[in-house]
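Have a look at the structure below before the remarks.
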Amino acid sequence: MVLFAGRVFKRLIHPGSNWGVLTDRKSLMPEFSLLLGDRRAGYSSMSGIPGVRERTLIAVKPDGVHRRFVGEIMQRFERKGFKLVGLKMLQAPEELLSQHYQDLRRKPFYPSLLQYMTSGPLVVMVWEGHNVVRTSRVMVGDTNPAEAHAGTIRGDFSIHISRNVVHASDSVEGAQREIQLWFHGKELMD
Ligand code: TYD
């Protein structure tokens with residue numbers, strides 16, 4: 001980031017430079033690509049930014065699919081700068097959901113959660129990028145949409161905890177477990 005800011009500053013103060021330099025997309029691309037983890041610019045996983053290849057599992061739940069929010073949700077993650085590395089649509093088997101929600105099996109709401117999650121197809125995705133687990137939890141918002149801030153997915157598109165549109169892994173370890181549960185290694189882009 002410091003390197004990037006330094007280069008832009010140097011160009012701005014360089015004799016003969018003008019504001020047009022900021023639209024010189026080609027010459028600035030490597031710096032942007034570095035931040036976005038883009039390998040085409042020659043920056044691989046060895047970019048030096050810690051956690052740049054962190055991954056998380058995001059799932060649009062049946063109510064989100066039914067209400068046509070898949071595109072909106074994907075767009076939010078793309079615009080933020082994260083990279084889509086896995087995507088599938090499926091009717092989730094109960095067994096898979098019971099593993100996914102293994103910590104909630106004894107909760108009173110578990111049977112209705114299972115019923116809801118099997119009521120229609122899910123769109124399950126893996127997103128990659130710096131700090132993606134924590135940032136995506138912020139973008140998704142509080143579990144209870146009544147508490148979720150406006151501007152978050154749940155804050156904008158839902159009103160009840162039992163229909164909260166989207167799932168996001170809540171820790172790096174949880175994300176690794178969930179990604180392995182929902183995807184085979186070969187289904188993920190590297
Ligand atoms: P949880 O893992 O606690 O939240 P989050 O999805 O934010 O990680 O709960 C999983 C899902 O269970 C939650 O998204 C919605 C549902 N749920 C209920 O239906 N009622 C409840 O009281 C809670 C806590 C969760």
TODO: Could you please find all residues in segment 141-165 being closer than 20 Å to L90 by Cβ and near the ligand (Cβ under 8 Å from one of its atoms)?
DONE: N164
- [ ] Kindly establish whether S158 is in contact (Cβ under 8 Å) with a residue 40 or more places away in the chain, within 14 Å of the chain's Cα centre (by Cα) and under 19 Å from G64 (Cα atoms).
- [x] no
Open item on the list: Tell me yes or no: at least one residue of segment 60-78 is within 12 Å of H167 (Cα to Cα), modelled with pLDDT of 95 or more, in a strand (DSSP E or B) and not basic (K, R).
Closed with: yes
Task: Residue ID - nearest to P111 (Cα to Cα), chosen from residues in segment 82-100 that are in contact with a Phe, Trp or Tyr (Cβ under 9 Å, 6 or more places away or on another chain) and more than 16 Å from the ligand (Cβ to nearest atom) - done: L90
- [ ] Restricting attention to segment 129-155, report how many residues are within 17 Å of F69 (Cβ to Cβ), of a type in the set (A, V, I, L, M) and buried (at least 17 other Cβ atoms within 10 Å of the Cβ).
- [x] 4
- [ ] Among the residues of segment 49-80, write down those that are over 20 Å from G174 (Cβ atoms) and in contact with a His (Cβ under 9 Å, 6 or more places away or on another chain).
- [x] I49
TODO: Tell me, yes or no, whether segment 137-145 has at least one residue that is hydroxyl-bearing (S, T, Y) and in a helix (DSSP H, G or I).
DONE: no
- [ ] Tell me, yes or no, whether segment 110-131 has at least one residue that is within 14 Å of the ligand (Cβ to nearest atom), among the hydroxyl-bearing types (S, T, Y) and not in a helix (DSSP H, G or I).
- [x] yes
Task: Criterion (farther than 21 Å from G71 by Cα, without any contact (Cβ under 8 Å) to a residue 40 or more places away in the chain and within 20 Å of the chain's Cα centre (by Cα)) met by exactly one of Q115, Q180, Q176, Q102 - done: Q180
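The values are calculated or read from the model by the stated rules, or taken from the named source; none is laboratory data. Given the structure is predicted, the values throughout are model-derived calculations rather than measurements. Counting neighbours? That spans all protein chains shown, and the Cβs are built from the backbone with ideal geometry, glycine included.
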